[in-house]
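Chemist: Quick one: the structure is below, questions incoming.
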Amino acid sequence: MKTLELKVQWYEEQFRLAQQKRFGVSSEKTDDNQLTLQLFNEAEISSAVLLAEPTMETINYTRKKIGGRAEKLKDLPVETIHYDLSDAEKVCLACNHELHEMSHQTRQELKVVPAQVKVVEHVQHIYSCRHCEKHAITTPIVKAKMPNPVIPKGLASPSAIAFVMTQKFADGLPLYRQEKQLERMGIPLNRQTLSNWMISSTTRWLRPFYDLLHRQLLQEELLHADETSLQVLDEPGKIAQSKSYMWLYRTSSVTKNRWSFSITERTDRVKIRRIS
């Protein structure tokens, strides 16, 4: 009887844990297993797997060779470095006659050049008339044409903003890591400045494209929408467990034109509206 009661208590506890996991409130908490940071020694963990290599007898299929080294490297620029003997060394050690080149050996290696940052100075030359300065009431001033900055009174260039945005949204590199990366390169830019760059350039330059896609979508007969719920930390007036929503809209494959855009709505209640 005692054993039966213990089993019933165990099953009740398992049921309670399953219900809590399924319906309970979840939040971002650190798991003890995550402290091992296995991502950083992935190569060592993978190489330590005790898996016997297959013998030739166990392989019963022919692996198709997909491309060679030359095919993979054909579109990359090539830097050739020659290693040659000096004229004094091109003499035979046995008979003291001149040597001739019979062949050469070539090996290839990949060279990675890290991102390079430099300061571009835009110098605008301004001209005035000496004669008018002495004899006329007004002096005409002529300025050479110079492109406007992407952000007024800012250090940001189009390439710098594109680099930051690509690393954040395409490569998933947060701004605080980019801040440390730039710091190692000797560039004192904090994450607040990088954030201001993205917000300002998005408002100034990308908003027209967003509005154009919006107008095009409203003209379509059929749209697809995808809703994703997410949590926004440190949102004023809301707790961390509050739900926010992100919607992605795109046209159907049967329509003539294909457009898509996303809307982020931070709200506890989903607002459904008809798009026509």
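Chemist: I199 passes all but one of (1) part of a loop (DSSP other than H, G, I, E, B); (2) among the β-branched types (V, I, T); (3) at pLDDT 90 or above; which number fails?
Modeler: Only one criterion in (1) part of a loop (DSSP other than H, G, I, E, B); (2) among the β-branched types (V, I, T); (3) at pLDDT 90 or above is unmet by I199, namely (1).
Chemist: Let me ask something additional. May I ask you to verify whether Q181 is open to solvent by less than 60 Å² (accessible area, probe 1.4 Å), out of contact with any Gly (no Cβ under 9 Å at 6 or more places or on another chain) and at pLDDT below 90? It would help to see each step written out before you state the result.
Modeler: Values: open to solvent by less than 60 Å² (accessible area, probe 1.4 Å): yes; out of contact with any Gly (no Cβ under 9 Å at 6 or more places or on another chain): yes; at pLDDT below 90: no.
No: the conditions fail for Q181.
Chemist: Also, quick follow-up: Residue check, A156 against (1) over 21 Å from the mean Cα position of the chain (by Cα); (2) farther than 30 Å from S128 by Cα, all met but one. Which one?
Modeler: Only one criterion in (1) over 21 Å from the mean Cα position of the chain (by Cα); (2) farther than 30 Å from S128 by Cα is unmet by A156, namely (1).
Chemist: Can you pull out the residues in region 199-242 that are over 25 Å from S157 (Cβ atoms) and of a type in the set (V, I, T)?
Modeler: Those that are over 25 Å from S157 (Cβ atoms) and of a type in the set (V, I, T): T228, V232, I239.
Chemist: Right, next: Let me confirm something: among G154, G172, which residue is assigned to a loop (DSSP other than H, G, I, E, B) and at positive phi?
Modeler: Exactly one residue qualifies, and that residue is G172.
Chemist: Under 7 Å by Cβ, and 6 or more places apart or on different chains, what pairs join a residue from region 171-199 that is under 22 Å from Q116 (Cβ atoms) with one that is open to solvent by 40 Å² or more (accessible area, probe 1.4 Å) and among the charged types (D, E, K, R)?
Modeler: Between residues of region 171-199 that are under 22 Å from Q116 (Cβ atoms) and residues that are open to solvent by 40 Å² or more (accessible area, probe 1.4 Å) and among the charged types (D, E, K, R), the close pairs are L175/K168; L175/R191; E179/R191.
Chemist: Another one. Looking at I161, I187, which one is over 18 Å from the mean Cα position of the chain (by Cα), among the β-branched types (V, I, T), open to solvent by less than 50 Å² (accessible area, probe 1.4 Å) and closer than 25 Å to E121 by Cβ? Let's see the steps before the verdict.
Modeler: Working: I161 fails: over 18 Å from the mean Cα position of the chain (by Cα).
One residue alone meets the criteria, I187.
Chemist: Follow-up. Considering only residues that are open to solvent by less than 100 Å² (accessible area, probe 1.4 Å) and at pLDDT 90 or above, which ones fall in region 47-80? Even if it seems obvious, please write down each step before you answer.
Modeler: Looking only at region 47-80, we keep the residues that are open to solvent by less than 100 Å² (accessible area, probe 1.4 Å), and these are 47-49, 52, 54-55, 58-59, 67-68, 70, 73, 76, 80.
Correct list: T80 only.
Chemist: Being within 30 Å of I151 (Cβ to Cβ) and free of Cβ contacts under 8 Å to residues at least 24 places away in the same chain is the filter here, so list the residues in region 206-232 that pass it.
Modeler: Step one: of region 206-232, the residues within 30 Å of I151 (Cβ to Cβ) are 206-217, 230, 232.
Residues satisfying the conditions are L206, R207, P208, F209, D211, L212, R215, L230.
The values are calculated or read from the model by the stated rules, or taken from the named source; none is laboratory data. Computed from a prediction, not measured in an experiment: that's the story for all the values here. Every residue, glycine as well, gets a Cβ built from its backbone with ideal geometry; the counts of neighbours run over all protein chains shown. What goes into the accessible areas is simple: the full protein's heavy atoms, side chains included, and nothing from ligands, DNA or RNA. Shrake-Rupley method; radii C 1.70, N 1.55, O 1.52, S 1.80 Å.
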